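Asker: Sharing a structure, written as structure tokens. Questions coming.
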Amino acid sequence: MPPLIANGLGFTGIVCCYLFGEWVVNLTGVPLPGALLGMLLLLGILPLRQRSPGAVARVAQPLLGHMSLLFVPAVVGVMLFWPEVKENLAGIVMALVATTVISMGLTAWIAQRLMGKKVREAGK
């Protein structure tokens, strides 16, 4: 398949997942961003294929390379609501610290389980 067509299909797949997530949010009123649901859909599709499609990986690479630009609107939003952020700063900091510790601990626990399983399988 020519690279242009493959890249077009990869981009179409990513955009379709995003649009489906937005559609589900608009249809159901779920209090989640449509982009998040689209990303979860893409995450659910990839394991079903047993591998990452090369076209999706090639299209996603530039997006991941420039991901810092995608955070600009969020930073502007924080600055817009700075008085509310300042008022709740202690709670925000506690939530950030707690979720960071929990996620790091859970990641380490999962990694230990997976590595232990891999070591046991290699020893057989």
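Nothing in this text is a laboratory measurement; each read-out follows from the coordinates by a stated rule. Just so it is clear, the structure is predicted and the values come from calculations on it, not from any experiment. FYI the Cβ positions are ideal-geometry reconstructions off the backbone, even for glycines, and counts take in every protein chain you see.
Asker: With N denoting the number of residues in the stretch 1-68, provide Rg(C-alpha) divided by 2.2 N^0.38 Å, to two decimal places.
Answerer: Normalised Cα radius of gyration, the stretch 1-68: 1.19.
Asker: Follow-up. So between THR12 and ALA98, what do we pick up on full extension, going 0.36 nm a residue minus the alpha carbon distance?
Answerer: Gain in length upon complete extension: 27.2 nm.
Asker: Report ³J(HN,Hα) in whole Hz for each residue of the stretch 63-68, in order, from the Karplus equation J = 6.51 cos²θ - 1.76 cosθ + 1.60 where θ = phi - 60°; Gly and Pro get x.
Answerer: 5, 5, x, 10, 4, 4
Asker: Now for a different question. Select from the stretch 43-89 those trypsin sites (Lys or Arg not before Pro) which occupy a DSSP coil region and have at most 15 other Cβ atoms within 10 Å, ordered by residue number.
Answerer: Here the sparse-neighbourhood loop sites are ARG49, ARG51.
Asker: Residue-wise, which Karplus ³J(HN,Hα) couplings in Hz belong to the stretch 72-86, taking 6.51 cos²θ - 1.76 cosθ + 1.60, θ = phi - 60°, and x for glycine or proline?
Answerer: 4, x, 5, 5, 4, x, 5, 5, 5, 9, 4, x, 5, 5, 4
Asker: Can you work out ³J(HN,Hα) from phi for every residue in the stretch 34-39, in order, using Karplus 6.51 cos²θ - 1.76 cosθ + 1.60 and θ = phi - 60°, giving whole Hz and x for Gly and Pro?
Answerer: x, 5, 5, 5, x, 5
Asker: Find, among the chymotrypsin sites (Phe, Trp or Tyr not before Pro) in the stretch 1-87, those assigned to loop by DSSP (not H, G, I, E, B) with at most 13 other beta-carbon atoms within 10 angstrom.
Answerer: Counting only loop positions with at most 13 other Cβ atoms within 10 Å, the chymotrypsin sites (Phe, Trp or Tyr not before Pro) in the stretch 1-87 are PHE71, PHE81.
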